[in-house]
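For reference, the structure is listed below as structure tokens.
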Amino acid sequence: MTTELLSNHLGGRWQAGTGTGTALFDPVLGTELVRVDATGLDLKAGFAFARQQGGAALRALTYRQRGELLAAAAKVLQANRDAYYEISTANSGTVKSDSGVDVDGAIYTLGTYAKLAASLPDGHFLPDGEAQSLAKDGSFATRHVQVPVGGLALFINAFNFPAWGLWEKAAPALLSGVPVVIKPATATAWLTQRMVKDVVDAGVLPAGALSVVCGSSAGLLDALEPLDVLSFTGSADTAALLRAHPAVTRHSVRVNIEADSVNSALLMPDAAPGTEAFDLFVKELAREMTQKSGQKCTAIRRAFVPASAYAAAAEAVGQRLARTVVGNPRNESVRMGSLVNRAQFDTVREGLAQLKTVAQVLHDGAAAPLVDADPAVACCIGPTLLGLPTPDAVAATALVHEVEVFGPVATLLPYADLHQAMGQVARGQGSLVASLYGADAAALGRTALALAPLHGRVHVISPACATTHTGHGNVMPQSLHGGPGRAGGGEELGGARALNFYHRRAAIQGAPDVLASL
Ligand code: NAP
């Protein structure tokens, strides 16, 4: 039986590719679900339509009016939420709570930006500071403004967040008045396409404001023009290719990159086994390893503990992981579903094998049988905790600081003292997030500031926020997402800060009455 070929939305209309398409699969059952194809699309014409029609219509609205569009889009998504959960189960192999991280995270982020619009001016630009006189008699001055970029925003996204990955970028772009073209990762493009389809078909956005191209990325960057922006989430290797593209090198297309990251968790020296902070660390590490089968760019990959706490931590985390039932997400007893596809399954196995050449296996989840899933077909893999036995081994081993295994895998790393631990954390060469666990507020604050230059976010967990913190790997729209160096050097979210990427700062010089009239 031939599966449905999903349409692309470009140039204000739905268009099917002219090729046979690339199939998307259920990673647990192995069945083909739908196909995607972008062959034959006139990308240049489609991009021009987005800029001219979508961009002009969005920019004619004020920030507050655009906030109302976001609220209307969030309502459409909310009404179709059940369908998104079904697609997630089928195409991403995720259990319900993991589908929620993506789907509900998307709707929450969109809703947050809809509300944020109320705090913005009811106008067409964002003021940037006060006017400053440039003439002795005050008759000539300069005033800075932030105006929406004149082009479109192209998003090239990763497979692990087909819902959230779209809306965490589209919400600030549309609120800024910038039309969006999204190219989802092929493996999970279905959910992104469906969400765009629901919002477009509901007619809540102007024509050209939101487009989707599913399938090959060929030609997308060639269709970019100097006033466009490009936001990429994915591997460091693809990011390097994009940075070298003439659109970026010749046209100065502004680029934001969210790439891979070997994130850390750090148990502070005061958090001995038996303390509340120790228990919080254990719980968070096990959760980070298993949520979305470890396929989160923010997941903990390296977990640092005082050498004296290493054995107790290994045992406590292992006990939690042993309770993780892995298999078919449709079975109620299953807590962790599958990896996204066979290619990722193979890549995770390869990465694990690589790390095992230097690290010991402290907990081997791969040994447990799968529930309701055929191991020959399902891309499921149990959680594995690795470890290096001594601080000297941690210092002498490069692989654990360099290899990101994008699955339910983390490595426990003992340290001699806090100074030595910080040096090892830094070997991640810039990460999205680090988390700290302890009870000494002053020491936590000092350590957070010291780690800040290396991370986009430092997540500090102490008993005071034991039940209220939002989670190491959970990206909140109010907080910055991104990280320096290896993590791509990008910045997303952070409340109104996200709008900066979709605006250009300009200085307007003139007589005071002209500047006052803006
Ligand atoms: P990927 O292979 O780099 O793919 C990412 C996106 O780029 C996909 O849409 C892909 O399309 C597209 N692409 C591939 N080659 C391209 C090219 N030559 N030109 C233009 N686009 C191209 O990454 P992935 O394996 O999907 O994602 C996993 C990685 O993403 C992990 O390393 C993870 O750490 C990182 N990640 C980072 C964040 C973050 O926020 N920092 C979030 C999630 C994931 P196709 O799918 O059609 O190939």
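The values are calculated or read from the model by the stated rules, or taken from the named source; none is laboratory data. Remember, predicted model here, so these are calculated numbers, not experimental data. For neighbour counting, all protein chains shown are included, and Cβ atoms are generated from backbone atoms with ideal geometry for every residue, glycine included. Note: accessible area is taken over every heavy atom of the protein model, side chains too, but ligands, DNA and RNA are not part of it. Shrake-Rupley method; radii C 1.70, N 1.55, O 1.52, S 1.80 Å.
Screening the range 255-281 for residues that are assigned to a loop (DSSP other than H, G, I, E, B), in contact (Cβ under 8 Å) with a residue 60 or more places away in the chain and open to solvent by 20 Å² or more (accessible area, probe 1.4 Å) and picking the one that is nearest to A236 (Cα to Cα) gives D260.
From the list P484, P453, which one is open to solvent by 20 Å² or more (accessible area, probe 1.4 Å) and away from the ligand (no atom under 16 Å from the Cβ)?
Sole residue among the options that is open to solvent by 20 Å² or more (accessible area, probe 1.4 Å) and away from the ligand (no atom under 16 Å from the Cβ): P453.
Of all residues in the range 296-315, those that are more than 25 Å from G430 (Cβ to Cβ) and open to solvent by 10 Å² or more (accessible area, probe 1.4 Å) have Cβ atoms under 8 Å from Cβ atoms of residues that are away from the ligand (no atom under 13 Å from the Cβ) and aliphatic (A, V, I, L, M), 6 or more apart or on another chain, in A307/A416; S308/A272; Y310/L412; A314/L362; A314/L385; A314/L412.
Taken over the range 194-208, residues that are out of contact with any helix residue (DSSP H, G or I) (no Cβ under 7 Å at 6 or more places or on another chain) and open to solvent by less than 10 Å² (accessible area, probe 1.4 Å) amount to 1.
When the residues of the range 226-252 are filtered to those that are open to solvent by less than 30 Å² (accessible area, probe 1.4 Å), among the small types (G, A, S) and touching a residue at least 40 places away in the same chain (Cβ under 8 Å), the one that is nearest to the ligand (Cβ to nearest atom) is G234.
Does the range 161-203 hold any residues that are in a loop (DSSP other than H, G, I, E, B) and under 17 Å from R81 (Cα atoms), and which are they? Within the range 161-203, F161, P162, A163, A202 meet the criteria.
Within the range 343-381, restricting attention to residues that are assigned to a helix (DSSP H, G or I) and at pLDDT below 95, the residue that is least open to solvent (accessible area, probe 1.4 Å) is G365. Screening A236, A209, A286, A272 for residues that are more than 24 Å from L24 (Cβ to Cβ) and at pLDDT below 95 leaves exactly one candidate, A236. The set of residues in the range 8-59 being closer than 30 Å to N328 by Cα and either touching a helix residue (DSSP H, G or I) at 6+ places or on another chain (Cβ under 8 Å) or among the hydrophobic types (A, V, I, L, M, F, W, C) (or both) consists of T22, A23, L24, F25, D26, P27, V28, L29, L33, V34, V36.
Looking only at the range 276-287, which residues are closer than 20 Å to C380 by Cβ and touching a Ser or Thr at 6+ places or on another chain (Cβ under 8 Å)? A286, the sole residue that qualifies. Looking only at residues of the range 489-499 that are open to solvent by 10 Å² or more (accessible area, probe 1.4 Å) and under 18 Å from K296 (Cα atoms), we find that the one that is nearest to the ligand (Cβ to nearest atom) is E492.
Within the range 476-499, the residues that satisfy the criterion of being outside any helix (DSSP H, G or I) and farther than 22 Å from E404 by Cα are M476, P477, Q478, S479, L493, G494. Among residues of the range 152-176 that are over 18 Å from F47 (Cα atoms), those with a Cβ under 6 angstrom from a residue that is basic (K, R) and at pLDDT 95 or above, sequence gap 6+ or separate chain, pair up as L175/R66. Report yes if A426 is surrounded by fewer than 23 Cβ atoms within 10 Å (Cβ to Cβ), hydrophobic (A, V, I, L, M, F, W, C), without any contact (Cβ under 8 Å) to a residue 40 or more places away in the chain and closer than 19 Å to G351 by Cα, otherwise no. No; evaluated as a whole, the condition is false for this residue. Residues satisfying the criterion are present in the range 151-173 (criterion: more than 25 Å from T470 (Cβ to Cβ), surrounded by fewer than 24 Cβ atoms within 10 Å (Cβ to Cβ) and within 14 Å of the ligand (Cβ to nearest atom)). Inspection of the range 431-438 finds no residue satisfying the criterion of being open to solvent by 40 Å² or more (accessible area, probe 1.4 Å) and at pLDDT 95 or above.
Of the residues in the range 110-123, how many are open to solvent by 20 Å² or more (accessible area, probe 1.4 Å) and more than 15 Å from L69 (Cβ to Cβ)? Final tally of qualifying residues: 2. A search for C-beta distances below 6 Å between a residue of the range 394-410 that is over 18 Å from A158 (Cβ atoms) and any residue that is basic (K, R) and within 13 Å of the ligand (Cβ to nearest atom), counting only pairs 6+ apart in sequence or on different chains, returns A410/R301.
Pairs meeting the criteria (first residue in the range 204-224 and closer than 20 Å to A171 by Cβ and among the hydrophobic types (A, V, I, L, M, F, W, C), second residue part of a loop (DSSP other than H, G, I, E, B) and within 12 Å of the ligand (Cβ to nearest atom), beta carbons under 9 Å, at least 6 apart or on different chains) are V212/P184; V213/A38; V213/P184; V213/L220.
Among all residues of the range 271-285, there is at least one that is farther than 30 Å from D98 by Cβ and of a type outside the set (F, W, Y).
One line per residue, one yes/no per condition, for (1) within 16 Å of the ligand (Cβ to nearest atom); (2) of a type outside the set (F, W, Y); (3) under 22 Å from G445 (Cα atoms):
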site	(1), (2), (3)
R254	no, yes, no
L266	no, yes, yes
M289	yes, yes, no
K296	yes, yes, no
F304	no, no, yes
A314	no, yes, no
Q319	no, yes, no
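Being touching a helix residue (DSSP H, G or I) at 6+ places or on another chain (Cβ under 7 Å), assigned to a loop (DSSP other than H, G, I, E, B) and within 16 Å of the ligand (Cβ to nearest atom): is that true of G473 here? First the steps, then the outcome.
Numbers: touching a helix residue (DSSP H, G or I) at 6+ places or on another chain (Cβ under 7 Å): yes; assigned to a loop (DSSP other than H, G, I, E, B): yes; within 16 Å of the ligand (Cβ to nearest atom): yes.
Spelling it out, G473 is indeed touching a helix residue (DSSP H, G or I) at 6+ places or on another chain (Cβ under 7 Å), assigned to a loop (DSSP other than H, G, I, E, B) and within 16 Å of the ligand (Cβ to nearest atom).
From the residues in the range 214-225 that are of a type outside the set (G, A, S) and within 10 Å of the ligand (Cβ to nearest atom), which one is most open to solvent (accessible area, probe 1.4 Å)? Looking at residues that are of a type outside the set (G, A, S) and within 10 Å of the ligand (Cβ to nearest atom), I get L221.
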